[in-house]
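Here it is, the structure, as structure tokens.
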Amino acid sequence: MAIVLIGINHKSAPVELRELLAFSESACADGLRSLVDGELLREALIVSTCNRVEIVTATADDRLHQGAERITDFLSSSRNLHRESFFPHLYQHIDDQAIRHLFRVTSSLDSMVVGEPQILGQMRRAYSQALAAGTAGRVLNRLIHHAFHVAKRVRAETGIAASAVSVSYMAVELGKKIFGSLKGRSVLLIGAGEMAELSARHLLNAGVSRVLVTNRTEAAATRLALEFGGQAVSFDTFTDHLGEADIVICSTGADEYVVTAEMAQSALRRRGNRPAFFIDISVPRNVDPAIGALPNLFVFDIDDLESVISSNIREREHEAQRAELIVDSEVMQFQQALRALDIGPTLGALRNKLQEIARSELDKQRNRLGSLTSEQEKAVESLLMSTVKKISHPVLSHLRRAYGAGDNESVQSWRESFGLENEDVVRKNIDDEQTDD
């Protein structure tokens, strides 16, 4: 079997095309069952996210072209699209390149934002769908589990996800630097813009316990406060609550400072000089930068955030280089494991052949042994099988090493010497048993 991966992503196709090829959960399950035919394609998995649609298959290695054509035809028929509309945007990877691509995807090295964590959960869902559809077998089970292992290594051994690379998440990173922990902290949103909303959502996930929302439009403040389980406050009196907030996120469209140095000074006194920080994502700025000169108060405007984000992106790119080395190493290890998996049926067939020869010789000489008790019978057979095992061990080890080194001629020579012409049948039976399991 060969591993074949065909797909499109944010680099090869616009969103208008990706959304036409996307699969819902139910469409994915039905599609997998119709795609896998047991001959050309033995196993399959579909990864469908907002940034990619990829089909990973275990394909008959002597019919790769036909297998790829079946996948392309499946995309066309299942999505009701003409091949010409998407075929130029497809990429195809086979065996080691397919393995490497899948490892990079699962480790978030191929994501729009390198290091983002969502892709791992999306891969887990794709695998669960393949398991439920019965289309993940011997090869894909090993491949996907190894991909999860690689992603775990990349996260543990590199800093690829250590720094924020979005404005909305910067609030969390800055808060942790200033307060250490965000548990029990309060945040005040001035304005109900999308960026402020995303920032608040990240802060809540990081431990913030209280959200205050103010907006010139009272209904918008109330809606957002209800969504976060927080409290809406009047825009005319929000300064009365300024001292309650450890974090203030401002995203209004005012032409002047909404939060002045005098307001911040008064709030600081009410806070007992405890630290607070302001994130101003408004253009023009709505938080007076002079606030940053006051003791224990910190101000970050959009340029400050973008500067930190640019630095973090460069750091992630540096860490991604280290992650690529991990992927390369794991691709080699998986290839070796896969080759060992392929040689298994031959080793089993040879072992069985040697045992058959031993039992046949025992049957020929049985009469010369005289009358034996059942225990003696078992002892003789046990001795015989133990001898066969010890004699065959170096032979099987040699075969395993030869196959791992790509010495197929040596392997084929042993097959012919012992008449293992039915090995392909043995292999298929084993594949079927493991797929059923």
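Being in contact with a helix residue (DSSP H, G or I) (Cβ under 7 Å, 6 or more places away or on another chain) and open to solvent by 40 Å² or more (accessible area, probe 1.4 Å) is the filter here, so list the residues in region 147-165 that pass it.
If we filter region 147-165 for residues that are in contact with a helix residue (DSSP H, G or I) (Cβ under 7 Å, 6 or more places away or on another chain), which is where we start, we get 147-148, 150-151, 153-154, 157-161, 163-165.
Result: Arg153, Glu157, Ala161.
Would you say Val139 is touching a strand residue (DSSP E or B) at 6+ places or on another chain (Cβ under 7 Å), open to solvent by less than 40 Å² (accessible area, probe 1.4 Å), assigned to a helix (DSSP H, G or I) and among the β-branched types (Val, Ile, Thr)? Before the answer, list the steps.
Values: touching a strand residue (DSSP E or B) at 6+ places or on another chain (Cβ under 7 Å): yes; open to solvent by less than 40 Å² (accessible area, probe 1.4 Å): yes; assigned to a helix (DSSP H, G or I): yes; among the β-branched types (Val, Ile, Thr): yes.
Spelling it out, Val139 is indeed touching a strand residue (DSSP E or B) at 6+ places or on another chain (Cβ under 7 Å), open to solvent by less than 40 Å² (accessible area, probe 1.4 Å), assigned to a helix (DSSP H, G or I) and among the β-branched types (Val, Ile, Thr).
Could we say that Ser310 is under 30 Å from Leu188 (Cα atoms), of a type in the set (Ser, Thr, Tyr) and in a helix (DSSP H, G or I) here? Can you show your working first?
On the way: under 30 Å from Leu188 (Cα atoms): yes; of a type in the set (Ser, Thr, Tyr): yes; in a helix (DSSP H, G or I): yes.
It is true that Ser310 is under 30 Å from Leu188 (Cα atoms), of a type in the set (Ser, Thr, Tyr) and in a helix (DSSP H, G or I).
Where residues in region 112-125 are assigned to a helix (DSSP H, G or I) and out of contact with any Asp or Glu (no Cβ under 9 Å at 6 or more places or on another chain), which of them is least open to solvent (accessible area, probe 1.4 Å)?
Going residue by residue through region 112-125, those that are assigned to a helix (DSSP H, G or I) are 118-125.
When the remaining residues are screened for being out of contact with any Asp or Glu (no Cβ under 9 Å at 6 or more places or on another chain), the result is 118, 120-124.
Numbers: Gln118: 109, Leu120: 46, Gly121: 28, Gln122: 46, Met123: 1, Arg124: 119 Å².
Checked region 112-125; the qualifying residue least open to solvent (accessible area, probe 1.4 Å) is Met123.
Still on this structure, please answer the following. Would you check which residues across region 285-301 are assigned to a loop (DSSP other than H, G, I, E, B), under 19 Å from Ser199 (Cβ atoms) and without any contact (Cβ under 8 Å) to a residue 60 or more places away in the chain and list them?
If we filter region 285-301 for residues that are assigned to a loop (DSSP other than H, G, I, E, B), which is where we start, we get 285-286, 288, 294-296.
Those left that are additionally under 19 Å from Ser199 (Cβ atoms): 285-286.
Matches in region 285-301: Arg285 only.
Ok, one more. Collect the residues in region 284-321 that are among the hydrophobic types (A, V, I, L, M, F, W, C) and open to solvent by less than 60 Å² (accessible area, probe 1.4 Å), keeping them in residue-number order. Even if it seems obvious, please write down each step before you answer.
Initial filter on region 284-321 (among the hydrophobic types (A, V, I, L, M, F, W, C)): 287, 290-291, 293-294, 297-300, 302, 305, 308-309, 313, 320.
Within region 284-321, Val287, Ala290, Ile291, Leu294, Leu297, Val299, Phe300, Ile302, Leu305, Val308, Ile309, Ala320 meet the criteria.
Could you check region 254-282 and list, in sequence order, the residues that are open to solvent by 60 Å² or more (accessible area, probe 1.4 Å) and either on the phi > 0 side of the Ramachandran plot or under 39 Å from the mean Cα position of the chain (by Cα) (or both)?
Listed by number, the list holds a single entry, Asn273.
Exactly one condition in (1) within 22 Å of Ala136 (Cβ to Cβ); (2) basic (Lys, Arg); (3) in contact with a strand residue (DSSP E or B) (Cβ under 8 Å, 6 or more places away or on another chain) is not met by Arg18; state its number.
Checking Arg18 against (1) within 22 Å of Ala136 (Cβ to Cβ); (2) basic (Lys, Arg); (3) in contact with a strand residue (DSSP E or B) (Cβ under 8 Å, 6 or more places away or on another chain), the one that fails is (1).
Quick one: which helices (runs of 4 or more DSSP H) lie wholly within region 16-111 and hold at least 2 residues that are within 21 Å of the chain's Cα centre (by Cα), in contact (Cβ under 8 Å) with a residue 60 or more places away in the chain and closer than 30 Å to Arg322 by Cβ? Please lay out each step first, then the result.
Numbers: elements: 25-35, 64-79, 83-86, 96-106.
Where helices (runs of 4 or more DSSP H) fall fully within region 16-111 and carry at least 2 residues being within 21 Å of the chain's Cα centre (by Cα), in contact (Cβ under 8 Å) with a residue 60 or more places away in the chain and closer than 30 Å to Arg322 by Cβ, they are 96-106.
Here's a follow-up. Out of all the residues in region 202-260, which are touching a residue at least 12 places away in the same chain (Cβ under 8 Å), acidic (Asp, Glu) and closer than 23 Å to Arg271 by Cβ?
Glu244, Asp246
With region 338-437 as the region, which helices (runs of 4 or more DSSP H) entirely inside it contain at least 3 residues that are at pLDDT 70 or above and open to solvent by 80 Å² or more (accessible area, probe 1.4 Å)?
374-404
The values are calculated or read from the model by the stated rules, or taken from the named source; none is laboratory data. Please read all numbers here as calculations on a predicted model, not as lab measurements. As a convention, Cβ positions derive from the backbone with ideal geometry for all residues, glycine included, and neighbour counts pool all protein chains shown. Side chains are part of the model used for accessible areas, which takes the heavy atoms of the whole protein and leaves out ligands, DNA and RNA. Shrake-Rupley method; radii C 1.70, N 1.55, O 1.52, S 1.80 Å.
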